[in-house]
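Notes follow the structure.
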Protein chains: 2
Amino acid sequence: MPKALPTVYDVAARAGVSIATVSRVFRRPDEVTEATKTVVQAAVRDLGYVPSGSARGLAARRTGSIGLCFPDFDGIDQFDPLTFTAGPVSVALDPAGDFEPTGDLYISEVMRGIEIEAWRHGVAVTIAVARGPRRSEIFDNLAGRVDGMVALSRTVPDELLAHIARRIPVVMIAGPRADDAYDHISTDSAGGMRAMTEHLITSHGITDLAFIGGPADSPDAKNRFDGHREALRSAGLRVARAPRMRGDFTRSQGRAIGRELLAEGRLPRALVCANDQTALGVLDALTRAGVRVPEDAVVTGFDGIDATQLSSPRVTTVRQPMLELGRAAVDTLLRRLSDPQLAPDSRTLPVEVLLRESCGCLPVASHDDFS
Amino acid sequence: MPKALPTVYDVAARAGVSIATVSRVFRRPDEVTEATKTVVQAAVRDLGYVPSGSARGLAARRTGSIGLCFPDFDGIDQFDPLTFTAGPVSVALDPAGDFEPTGDLYISEVMRGIEIEAWRHGVAVTIAVARGPRRSEIFDNLAGRVDGMVALSRTVPDELLAHIARRIPVVMIAGPRADDAYDHISTDSAGGMRAMTEHLITSHGITDLAFIGGPADSPDAKNRFDGHREALRSAGLRVARAPRMRGDFTRSQGRAIGRELLAEGRLPRALVCANDQTALGVLDALTRAGVRVPEDAVVTGFDGIDATQLSSPRVTTVRQPMLELGRAAVDTLLRRLSDPQLAPDSRTLPVEVLLRESCGCLPVASHDDFS
DNA sequence: CATGTGGATGTATGCGCATACATTGTGAGA
DNA sequence: TCTCACAATGTATGCGCATACATCCACATG
């Protein structure tokens, strides 16, 4: 016997008023007498009434929530059904080994920014992972129940995106600046990497740089490489046509690249990596092989994740405002919702180069410095 | 002129069928002829039709999404409206200082687990931060548009939770095991901390232990302290009545506690911390003061966050399965949705003690070991 | 050739709310 | 005292879909 959920009608009956009054108590409290409000609220409490979001959304033609198409994070489809184990607490040695970071810090931060701004504006955020055979169904479901959508680059096929963009506004984060109708939010990847490369050339006098790229289909990775090349060109150095090697933005792949570089023999003076995880992996490999950073080789990253401050040496990197990326996306989306006439917007957030020990700008601290 | 969104009626008209057939193409494709399906799908594409989630939810009496009441993460209300700055890329020294972690890793992992399991079952996740003066309104909005809800402990006042629990099932993560009607998922905090403490006593022969607690209102912090006391009692040691000090689960507070301990003079042989961030903060303070860990003092944590592997020495800790916590919550929620008759469930997930360098179980690696 | 059967499709209705508009009641002003 | 304006509340309707039930049609069976 699934209990019938209370509706406005039940509340109205119990409070001795009409359903319009009940609705008003929630939507426009000012238009209702204090006394009536009290009676209605009591009925609401007694019955355990909660307005149906679906009915509200249908009647008001807006849902009050925005969608986030969650990226395809690695291995989501490798998880088996959960099995419940119970038993004694295991106690075991956990020897140091290759460190594998949990989750994706970049995405977590962007999401946090989205949450913050959504909260500030009183909207909820609905997330779905559009992946697997049911992808388009999942995506439609999401698009059907939100007022607008934020999409991280590479998370949704163009075709699907175009379809739903006819219904609700879409803001793309870090996507290719295509000639599309979406709003775009991105960070100054090219500018940041150019400044980083210029720094290595100008301040450290390095002319032997190798760029370690990211996935070939990543717009960010491409922009960063472009910035790198601009700096080389300005400095009159030989401009690489392609990255020296390509990683997949993971630390373990970075380690593999580091080992490969070592195996090749002569190490470039500077290893400019397309992101922090790659830089940290390269650093792992070099350090393990006894190569001194920055004395023997300089390593730099991009993103500004926490782990770059916890490594030894700390990694010189370009910090991009991940949280602001999320905030700006929501801000732009809500702006468009309130005025659909606006022309497609395109915002680029500034980045900053953080000079630390791995490029040699700061002396490597030893434990002795603390004592 | 806000374009009218296409509805089933528009699609039906264009395809020359009835709305029932259009609906069936989406909901029960098997009952429709291949030919009809093709015609309808063409109309859907042409018109850019996406089914309204609100109307679906209203008609079907379920929304296909579950709610997550996002915790009150620190400082959300301190954010000012976003201001857009533009300008040249800043390039500046970033000297080493007190490390302040970004975001909350625990929550990120739990969320990831929730996403994974939600994806596996084809449901979306709606998140809202119920905080501030509009808290109950926000919360009702969330509750009204989902089929069930996952609540992290301490994120929702009991009263609000009880109200919405009359409408939809609620699964609580890491909450106090009260005599309520909710399903509960938790980890074996007490057992883990007991095992950790027993290890220090038994394997290391330590009898002089100080427990550094967490917030007084955190059930987890309380359970961990209880486990610690059980171990002391079993070993016949003097059982502390209260934690030696209390942190707030942050690294900076951990550092403050570390400094305070140092200022007091005689350091206990082991500092058993209620969570990793606190342990890392204490470690920061001791290391900076020249105290050797583990030789002079042993430090242990709880949670198993990444940073415990990046510190030097690495921190011995109790790993709790954060991702599984999220997965189990969703699993339980969906189970209940499919059978509301089930009795309230209560699952405790196992934890594991990871013995590393900070308790002395493994030798501290120096850079020389790598070469 | 009449009848029965099952699959494909159409018709009509209600889900729970917001809101335009109608109605009622109250006090101010004439 | 009567009228008018406005505030408070009620009535009726539609939002877009899913679905129970009705209808229709092709084909098998007697």
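The values are calculated or read from the model by the stated rules, or taken from the named source; none is laboratory data. Everything numeric in this text was worked out from a predicted model, so none of it was measured. Please note: Cβ atoms are built from the backbone with ideal geometry, for glycine as well, and neighbour counts cover all protein chains shown. Calculation scope for accessible area: heavy atoms of the full protein, side chains included, ligands and nucleic acids excluded. Shrake-Rupley method; radii C 1.70, N 1.55, O 1.52, S 1.80 Å.
Overview of values
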{"quantity": "Over the protein assembly as shown: Kirkwood hydrodynamic radius from C-alpha pairwise inverse distances, Å", "calculated": "28.1"}
{"quantity": "FRET E, pair residue A:216, residue B:13, Förster distance 51 Å, beta-carbon r, rounded to 0.05", "calculated": "0.65"}
{"quantity": "Amide H partners (placed H, <5 Å) of residue B:188, local residues excluded", "calculated": "B:349, B:351"}
{"quantity": "Whole-percent carbon and sulfur share, accessible surface of the protein assembly as shown, 1.4 Å", "calculated": "50"}
{"quantity": "Hz values of 3J(HN,Hα) by residue in the range B:251-267 - Karplus curve (6.51, -1.76, 1.60), Gly and Pro given as x", "calculated": "5, 5, 5, x, 5, 4, 5, x, 5, 5, 4, 5, 5, 6, x, 5, 8"}
{"quantity": "Simple Cβ-charge dipole of the range A:8-59, Lys/Arg +1 and Asp/Glu -1, about Cα centre, in debye nearest 20", "calculated": "120"}
{"quantity": "Teacher prompt: residue A:290 distances to equivalent labels in other copies, 7 Å Cα→Cβ, nm", "calculated": "3.3"}
{"quantity": "Integer Hz, Karplus 6.51/-1.76/1.60 couplings in order for the range B:15-25, x for Gly and Pro", "calculated": "8, x, 10, 8, 5, 4, 5, 4, 4, 5, 4"}
{"quantity": "Electrostatic dipole magnitude of the range B:281-371 [Cβ: Lys, Arg +1; Asp, Glu -1; Cα centre; debye, to 20]", "calculated": "260"}
{"quantity": "Equivalent ellipsoid, the range B:182-298 (semi-axes from 5 times Cα gyration tensor eigenvalues, Å)", "calculated": "23, 18, 11"}
{"quantity": "Ellipticity estimate at 222 nm from DSSP helix runs (n ≥ 4, -39,500 (n - 2.57)) divided over chain B, nearest 500", "calculated": "-12500 deg cm²/dmol"}
{"quantity": "Packing-based order for A:239-246, A:297-304, B:282-289, using average beta carbon neighbours within 10 Å, highest first", "calculated": "A:297-304, B:282-289, A:239-246"}
{"quantity": "10 Å-binned pair-distance histogram of chain A (Cα, whole percent)", "calculated": "5, 19, 23, 20, 16, 9, 6, 3, 0"}
{"quantity": "Per-residue average of Cβ from other chains inside 10 Å of B:135-145", "calculated": "5"}
{"quantity": "Accessible area (Å², per residue) of the protein assembly as shown, counting only protein heavy atoms and a probe of 1.4 Å", "calculated": "44"}
{"quantity": "Volume of the Cα convex hull of the range A:1-99, divided per residue and given in Å³", "calculated": "299"}
{"quantity": "Rounded to whole Hz, the Karplus (6.51, -1.76, 1.60) HN-Hα couplings of the range A:327-334, x for glycine and proline", "calculated": "4, 5, 4, 5, 4, 5, 4, 5"}
{"quantity": "Cut-off under 5 Å, modelled amide H: who pairs with residue A:171 long-range", "calculated": "A:149, A:150, A:151"}
{"quantity": "Percent RCO, i.e. relative contact order, over chain B, from Cα pairs under 8 Å lying at least 6 residues apart", "calculated": "16"}
{"quantity": "Nearby aspartates and glutamates by direct alpha-carbon distance to residue A:222 (threshold 17 angstrom, same-chain neighbours under 8 apart not counted)", "calculated": "A:188, A:230, A:248, A:276, A:303"}
{"quantity": "Distance in nm between pseudo-label sites at residue B:341 and residue B:289 (7 Å out along the Cβ direction from Cα)", "calculated": "6.2"}
{"quantity": "Test item: B:112-123 mean partner chain Cβ contacts at 10 Å", "calculated": "5"}
{"quantity": "At R0 = 30 Å, FRET efficiency that the Cβ-Cβ distance of residue A:38 and residue B:180 yields, to 0.05", "calculated": "0.60"}
{"quantity": "Estimated distance in nm for a label pair at residue A:80 and residue A:239, the labels positioned 7 Å out from Cα along Cα-to-Cβ", "calculated": "5.3"}
{"quantity": "For residue B:299, distant residues with modelled amide H under 5 Å away", "calculated": "B:271"}
{"quantity": "Listed residues B:185, A:19 arranged by accessible area, highest first, probe 1.4 Å", "calculated": "A:19, B:185"}
